[in-house]
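Please treat every number below as a calculation from the coordinates, not as lab data. Owing to the predicted nature of the structure, the values given are computational and were not obtained by experimental measurement. Counting neighbours? That spans all protein chains shown, and the Cβs are built from the backbone with ideal geometry, glycine included.
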Amino acid sequence: MMKTWGANCIASPSHETKSGRDILAANPDTPGSLGIAISEAVEEAVTDGSGKTRYSLGSVLNHVMLHQTIIGLEAKKQLEIANEKKVDVVIGCAGGGSNFAGIAFPFVYDKINGAEIEIIPVEPTSCPTLTRAPFHYDHGDTAGMTPLLAMHTLGHNFIPPPIHAGGLRYHGIAPLISHSVKHGLMNPQAINQLECYEAAIKFATTEGIIVAPETGHAVAQVIREAKKAKEEGSEKVILFNLSGHGLMDLAGYDKYLNGELSDQSMSEAELEKSTQVLKNYPYPK
Ligand SMILES: Cc1ncc(COP(=O)(O)O)c(C=O)c1O
């Protein structure tokens, strides 16, 4: 698709950058990660002699979260139109954090001001940043080119298993989301990929939209919350962000439908190993 519109697209890790070459030399079979792609992009921007290359941040940093709050502000308007006065649960999938913060932060504001709302970021069990990783200073990229950020982090060297929800394969998460979790304003959940695909298929058959594998995490949590409300005999308004369609990742659906996908989780030993690197950085006060 990118070639159609004239772009030359190079898969990361690539041989075009030092970061990419170093990572490939150490591990030729690496599945890559968002952290590696960020290192390569930043390196390209700072070493390109033409002065024309810019690197634009798409997630993680707080100003990106702020821009995305248009999603939650618009959702409030939509709720008004739908005559829903109160939201009980707000859900979004969380990779670097931008789509989740976008929908959630306007409701965090309400929660700080006394509203009873459950706010749930959902991540993959194989990349459990908010549910299991420590709150610490760390780099936002694998090669350590970015400034240190105070966030929940699995350690910048962590390469998540190659699940299809590529946008959720990130070792850290936005500092503002990390901070909100630390203050008990959000209740993060981790879900395995088979449950997410099952939920996504259910959503496709009932709503007619094939969601991105990332979004499948939010849909799976919505179904959990709806079932819980049914069991409790309570009626709840559950708001979630449909962060993207799945037509770029039909290969993932193909594998799921052919029974070729399995669940993946992170062992305590892996967590201990990947967070070792944090000992080199200060603990946030
Ligand atoms: C469809 C979709 N949803 C969610 C994400 C996760 O990113 P973020 O946590 O910044 O919203 C991505 C990232 O690529 C994505 O493509």
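Structure above, values below:
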| item | result |
| --- | --- |
| Value of Rg to Rh for the chain (Rh from inverse mean 1/r over Cα pairs, i.e. Kirkwood) | 0.97 |
| Share, in percent, of DSSP beta bridges within the range 106-195 that are antiparallel, nearest 5 | 60 percent |
| Largest to smallest principal axis extent of the C-alpha atoms in the range 120-226, angstrom | 44, 30, 18 |
| Cα centroid of the range 29-82 to Cα centroid of the range 101-129, whole Å | 19 Å |
| Cβ-placed point charges (K, R +1; D, E -1), dipole of the chain about Cα centre in debye, nearest 20 | 540 debye |
| Net length gained if the chain between GLU207 and ARG21 were fully extended (0.36 nm per residue, minus Cα distance) | 62.6 nm |
| Ratio Rg/Rh [Cα only; Rh per Kirkwood] for the range 76-155 | 1.07 |
| Share antiparallel - DSSP beta bridges, the range 47-190, percent rounded to 5 | 40 percent |
| The chain - mean residue ellipticity at 222 nm from DSSP helices (-39,500 (n - 2.57) per run, n ≥ 4, rounded to 500) | -12500 deg cm²/dmol |
| Antiparallel %, DSSP beta bridges [both residues in the chain], to 5 | 35 percent |
| Only Lys, Arg (+1) and Asp, Glu (-1) charged, at Cβ; the range 168-285 dipole about Cα centre in debye | 500 debye |
